[in-house]
Amino acid sequence: VLEDDGVSIWYDGEILPGEEWDASIKKRLKVADIIILLVSIDFLTSDYVKGTELPTALNRHEAGECTVVPVIVRNCLWQKKLGTLQALPKEAFPVENWSSRDSAYHNVVEGLDKVIGEIKKRYIAVRQDKQIDEDNLMIKESSLVKLRNLRDPFQSLMIYVRGGRFEGEKYNRMYTSRNILISDFYICKYPVTQRQWKQIMGYNPSHFKGDEDRPVENVNWDDANLFIQTLNKVSERQYRLLTELEWDYAASGGQKSISLGFAGSDNLKEVAWYNENSNGGTQKVGLKKPNEIGVFDMNGNVWEWCENEPWFKESHRVIKGGSWKSPLVDFVNGSRKLWSPKYRYNYIGFRLAHDSPM
């Protein structure tokens, strides 16, 4: 009857010839959800029962790991060892004293059925709690990812730039070598926008307001680095400014370069907002044509602060790319200027980079 209800039953009569019976019994005692003790005088006087079976069963019962059910088979002083436990059959009336043993064992099965029902409820509750915990963990992890992404508006905008040999002198006359090795890095598709700055810093320093998808400007080199420090704290990532070499390499198209005159075209108007088409101010990022690696606004809109190369000892900082007010001449020969890191202008912004996948 119990097996039909999905209960797996084991008793010591199932120990096979040659099998270690002590090890088999101990193994079952340690894993059973219910331990039924068929109690008689023989049971209570057994050294094995007293030394092994009872201590193991009662210790597990007390710890809440299983349910011990005494079934009183014959008259005996079972209360001395098991008096704290509710026994079967009904009112602990020994099986041998029932007028019908079938009725006695039927009563035992009914009692066990109730115990099994309670154990099943506990299992279901545990599974539900575990599922809730797992669901909550998934929700928590998902929320953390979403929160992290909300805190980091740049993660999906970073483009991988495979490093390689860069003919620096060909692109920018300041480089004395024509064969510079560039390591892999990541670059943001766009300059940092007013919306992104405001999300991290809580205010908008820009002169040209009205569309927060314009690049942030009116920030000096120190401001840009303070933004990066704040962003790295909330995003738990390691953003930084581009070095001048990285900027030139990315602007030229990296390994995908087809040696165009500007960053993405031989026609400046296709890729840049400058003094001939900017209407006297910055414009929304990403409206012009990208270059070979998918980066926008490398020319025009705003000059971009860079990190000085280690060998470059000037106290001033490099700005790259030209701006909305730059004439055509500013976009040739690497479009490079030296500027005080303290100065803020409405034509200087910056762009982010990082070294490894995040």
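The values are calculated or read from the model by the stated rules, or taken from the named source; none is laboratory data. Just so it is clear, the model here is predicted, and its values are computed rather than measured. Backbone-built Cβ (ideal geometry, glycine too); neighbour counts: all protein chains shown. SASA here: full protein model, heavy atoms, side chains in, ligands and nucleic acids out. Shrake-Rupley method; radii C 1.70, N 1.55, O 1.52, S 1.80 Å.
For this structure, a couple of remarks:
- About the centre of its Cα atoms, the range 253-358 shows a dipole size close to 300 debye [charges on the beta carbon of Lys, Arg (+1) and Asp, Glu (-1) only; nearest 20 debye].
- Computed helical MRE - 222 nm, the chain, DSSP H runs ≥ 4 contributing -39500 (n - 2.57), nearest 500: -10500 deg cm²/dmol
- Entries in Lys256/Lys320; Lys256/Lys289; Lys189/Lys288; Lys289/Lys320; Lys256/Lys325 that, when Cα-Cα distance is taken, lie over 23 Å: Lys256/Lys325
- Label-point gap, in nm, between Leu157 and Glu20 - each point 7 angstrom along Cα→Cβ: 6.7
- Sequence of Leu112, Leu77 when ordered by accessible area, the most exposed leading, probe 1.4 angstrom: Leu77, Leu112
- Span from the the range 100-126 Cα centroid across to the the range 176-236 one, whole angstrom: 69
- Total charge dipole magnitude, the chain, about the Cα centre, Cβ charges on Lys, Arg, Asp, Glu only, Debye to nearest 20: 1900
- Each residue, Asp355 and Val126, gets one label point 7 Å from its Cα in the Cβ direction; the gap between the two is 4.8 nm.
- Distance histogram for the range 229-307 (every C-alpha pair counted, 5 angstrom bins, percent rounded to whole numbers): 3, 16, 20, 21, 18, 12, 6, 3, 0
- Of the residues Ser46, Leu112, Ser335, the one whose Cα sits farthest towards the positive end of the charge dipole of the chain is Ser335 (charges of +1 on Lys and Arg Cβ, -1 on Asp and Glu Cβ, taken about the Cα centre).
- Of all accessible heavy-atom area on the chain, the percent that carbon and sulfur account for (1.4 Å): 51
- Positive contributions from Lys and Arg (+1) and negative ones from Asp and Glu (-1), summed over other residues with Cβ under 13 Å from the Cβ of Cys306, come out at -1.
- For Asn275, net neighbour charge (Lys/Arg +1, Asp/Glu -1) across residues whose Cβ lies under 11 Å away: -1
- Given a 1.4 Å probe and the protein chains as shown, Met201 ends up with an accessible area of around 50 Å².
- Charge dipole of the range 1-87 about the Cα centre (unit charges at C-beta), most positive-ward option of Val31, Val7, Gln79: Gln79
- Recomputing percent of Cα pairs over 31 Å apart from the coordinates shown identifies the correct label among [x] 31; [y] 55; [z] 39 as [y].
- Heavy-atom accessible area order for Asp33, Asp12, largest first, 1.4 Å probe: Asp12, Asp33
- 1.4 Å probe accessible area per residue over the range 220-358, in Å²: 42
- Cβ charges +1 (Lys, Arg) and -1 (Asp, Glu), total dipole of the range 76-118, debye: 240
- Order of exposure, largest accessible area first, which applies to Glu276, Glu244 with probe 1.4 Å: Glu276, Glu244
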